[in-house]
Amino acid sequence: MKQSGTSALLEGAVQELASDVVSALRSGGHMRAEGTAVTGEAEHGVASAAVRVVGADVLLPHVLLRTSPTPGELTLFRESVAAYPPRPGAGGTVAWSHWAMTRALRRFESDVPVPGEPDTAWLDEAGWQHLTHQLAVLAPLARPGEDCAVTRVAKGRPVDVARGFVRAVRRRDWRQAAGAGRWLTLLPGVPDTLGLDAGLDFVDLMGGQDPRVALQLQAARLMRQGAFV
C-alpha cells in the first residue's frame, strides 16, 4: 500500500508539473507560482522525481520563449539531474533523457559539464514501430536547433516516424502520438499526405486532457510556427 501511495503521489506531481509547463508555454515562459510541483506542496523527493520524469521539458518554456528560469526552478532541476544519474547498463532512453537534462541545464548554467553522447546503436536499426515509441519517449530532444545522434537518426527516417504517428493515433496511444507529432514538426521530408496539423488537432481533441499529451502538443504548435528555429 505504501508503494502504491508513493506511486500515486509521484504520478500526481508529474501531472501537475506537466500542467505547469503547458501553462508556461501558453502564457510566456514563467511557471505558475514557479510551478506548484516544483516549489512546494509535494515532498521534496517526490518533486525531484517528478522533474526527472518530465525531464528536459521542465525548462522548455525558457528555451523556446527565451526567458530565464527562477533560481528555484534551476535548483530543483540541478538536484534532479544529480539525484538520478543513469545506472550502469541503463537503457538507451534513460541515458539519453539524462543527457538531455544535462544539456538543457547547461543552457542556463555554463559551468555544467555535459557528458559525451550515449550510444544509439539500439536505435539505428530499430523497426519503425519501435523507433517511433523510443522517439516519443525522447521527445524532449525534439527542440529547434538540437543536433545530436538521436536527432540525426530521426531526420533520416521521417516516413517511418510518420507511419508510427498514424499507428499511435489508430491505437489511441495519445502520448506516443503527441511525442511523434512533436518530432514531425521539426523533421524534413515529412509526407504532405500525412496531414500533420489535422492529426495534431485530433490528438488534442481525444487526448489533450492529459497534461503530458498537452505538453507535447503545445511544444509542437510553438515549433510549428517556426518562430524559434
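Yes or no: the stretch 161-171 includes at least one residue that is free of Cβ contacts under 8 Å to residues at least 12 places away in the same chain and crowded, with 16+ Cβ neighbours inside 10 Å. No, because not a single residue in the stretch 161-171 is free of Cβ contacts under 8 Å to residues at least 12 places away in the same chain and crowded, with 16+ Cβ neighbours inside 10 Å.
Just need a number here: residues in the stretch 20-46 that are at pLDDT 65 or above and over 17 Å from the mean Cα position of the chain (by Cα). Total meeting the criteria: 6. The single residue among Q209, Q225 that is at pLDDT below 95 and either over 15 Å from D57 (Cβ atoms) or touching a strand residue (DSSP E or B) at 6+ places or on another chain (Cβ under 7 Å) (or both) turns out to be Q225. Which one is nearest to L200 (Cα to Cα), of the residues in the stretch 139-161 that are in a helix (DSSP H, G or I) and charged (D, E, K, R)? Ranking the candidates gives D160 first. Of the residues making up the stretch 75-90, those that are of a type in the set (D, E, K, R) and closer than 17 Å to P113 by Cβ are R78, E79. If you check V153, V137, V63, V114 for being within 30 Å of S27 (Cβ to Cβ), surrounded by 15 or more Cβ atoms within 10 Å (Cβ to Cβ) and without any contact (Cβ under 8 Å) to a residue 60 or more places away in the chain, only one passes: V137. No other residue among G164, G189 is at positive phi and either touching a Ser or Thr at 6+ places or on another chain (Cβ under 6 Å) or in a loop (DSSP other than H, G, I, E, B) (or both) apart from G189. For the stretch 73-81, the criterion of being of a type in the set (D, E, K, R), over 14 Å from the mean Cα position of the chain (by Cα), within 23 Å of A18 (Cβ to Cβ) and open to solvent by less than 30 Å² (accessible area, probe 1.4 Å) is met by at least one residue. Being open to solvent by less than 20 Å² (accessible area, probe 1.4 Å) and within 17 Å of A18 (Cβ to Cβ) is a property that holds for G179. Yes or no: D192 of a type outside the set (A, V, I, L, M) and at pLDDT below 95? Spelling it out, D192 is indeed of a type outside the set (A, V, I, L, M) and at pLDDT below 95. So, R221, is that one of a type outside the set (A, V, I, L, M, F, W, C), open to solvent by 40 Å² or more (accessible area, probe 1.4 Å) and assigned to a helix (DSSP H, G or I) or not? Spelling it out, R221 is indeed of a type outside the set (A, V, I, L, M, F, W, C), open to solvent by 40 Å² or more (accessible area, probe 1.4 Å) and assigned to a helix (DSSP H, G or I).
The values are calculated or read from the model by the stated rules, or taken from the named source; none is laboratory data. Every value quoted in this text rests on a predicted model; they were computed, and no experiment measured them. Backbone-built Cβ (ideal geometry, glycine too); neighbour counts: all protein chains shown. Accessible surface areas use protein heavy atoms only, side chains included; no ligands, DNA or RNA. Shrake-Rupley method; radii C 1.70, N 1.55, O 1.52, S 1.80 Å.
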